[in-house]
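None of the figures in this text is laboratory data; all of them are computed from the coordinates on show. As the structure is a prediction and not an experimental result, all values here were calculated from the model. FYI the Cβ positions are ideal-geometry reconstructions off the backbone, even for glycines, and counts take in every protein chain you see.
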Amino acid sequence: MELFNYIAIAFSFVYSTAAIRLIGGLSAAINKNSRYVVHLLFIVIMLISIITSFWGIWAHRNLEDWKLYKFIFLLIDGALYYFIATVLVPENPNEVDSWRDHYYKNKHKLFYAILTFLVYIQLNGIVLTGEFYFGPEQYFHIISLIPIFFGLRSKNHKVHLVIACFYIITTLTMMLTVASEPGWVSQL
């Protein structure tokens with residue numbers, strides 16, 4: 001077995017646990033008596049993001065100098081997705097009476113996790129390649145900080161709906177363009 005194949009098993013496990021948590025909560029989250037569209041959009045955003053991140057892992061197949069710290073650093077990606085999944089979908093999703101209340105109760109965890117993820121993305125290239133790179137795609141990450149600021153400060157449904165729509169549009173755009181090829185990360 002090649003080293004990348006061995007390492008890919010761990011990535012598969014971490015990404016799968018996050019996706020399973022989100023998918024497992026969908027039936028409760030779409031219940032018409034308790035659903036909240038903003039919450040549902042964030043579940044969809046995270047599912048798409050998990051898929052595109054896993055799809056991007058292929059870019060590391062030719063990394064020759066694998067070290068434990070690089071492996072652990074790459075696993076942080078999946079761990080952050082899992083944390084976000086646990087924020088969006090609790091262990092017993094059928095016990096949630098109102099997904100709107102659940103969302104607003106946990107919005108700070110969600111947006112701080114997204115902020116942490118954006119910082120992680122910036123550090124990822126530096127840790128893996130040892131090179132600092134600031135290209136056009138990093139401007140998107142900077143722009144993505146603005147909705148986080150509003151998400152943390154506001155309790156207004158319309159503000160959160162706009163934020164969720166911003167992220168779903170950018171996530172779908174990325175999935176259908178830049179991230180459509182395996183190993184898409186190496187093309188940035």
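Structure remark: mean-square fluctuation, Gaussian network model of the chain, C-alpha springs under 10 Å; the largest value among Gly130, Gly24, Gly56 belongs to Gly130. Maximal additional length on extending the Phe71-Tyr104 stretch stands at 8.5 nm, based on 0.36 nm per residue less the C-alpha distance. The angle between the Cα long axis of helix 99-129 and the longest principal axis of the Cα atoms of the chain comes to about 10 degrees, rounded to the nearest 10. Number of Lys-Lys pairs in the chain with C-alpha atoms under 19 Å apart and a separation of 8 or more places or on different chains: 5.
Helix 68-88 against the longest principal axis of the chain: what's the angle in degrees, Cα atoms only, rounded to the nearest 10? Approximately 10 degrees, to the nearest ten.
About its Cα centre, the dipole of the stretch 3-187 is roughly 640 debye, where the only charges are +1 on Lys and Arg Cβ and -1 on Asp and Glu Cβ.
In percent, rounded to a whole number, the relative contact order of the chain is 34, using alpha-carbon pairs under 8 Å and six or more apart. Sorted on the mean count of surrounding Cβ atoms within 10 Å across their residues, most packed first, peptides 63-69, 121-127 read 121-127, 63-69. Along the axis of the charge dipole computed for the stretch 1-86 (Cβ charges of +1 for Lys and Arg, -1 for Asp and Glu, origin at the Cα centre), the listed residues Ile48, Leu75, Asn31 are led at the positive end by Asn31.
I'd like to know which of Thr86, Ile146, Asn62 lies farthest towards the positive end of the charge dipole of the stretch 33-183, counting +1 on Cβ of Lys and Arg and -1 on Cβ of Asp and Glu. About the Cα centre, the residue reaching furthest to the positive side is Ile146. With angles folded into 0 to 90 degrees, how steeply does helix 3-29 sit against the dominant principal axis of the chain? Use alpha carbons for both and round to 10. Approximately 10 degrees, to the nearest 10. Report summary: the helix-based calculation at 222 nm, which adds -39500 (n - 2.57) for every DSSP H run with n ≥ 4 and divides by the residues of the chain, gives -25000 deg cm²/dmol.
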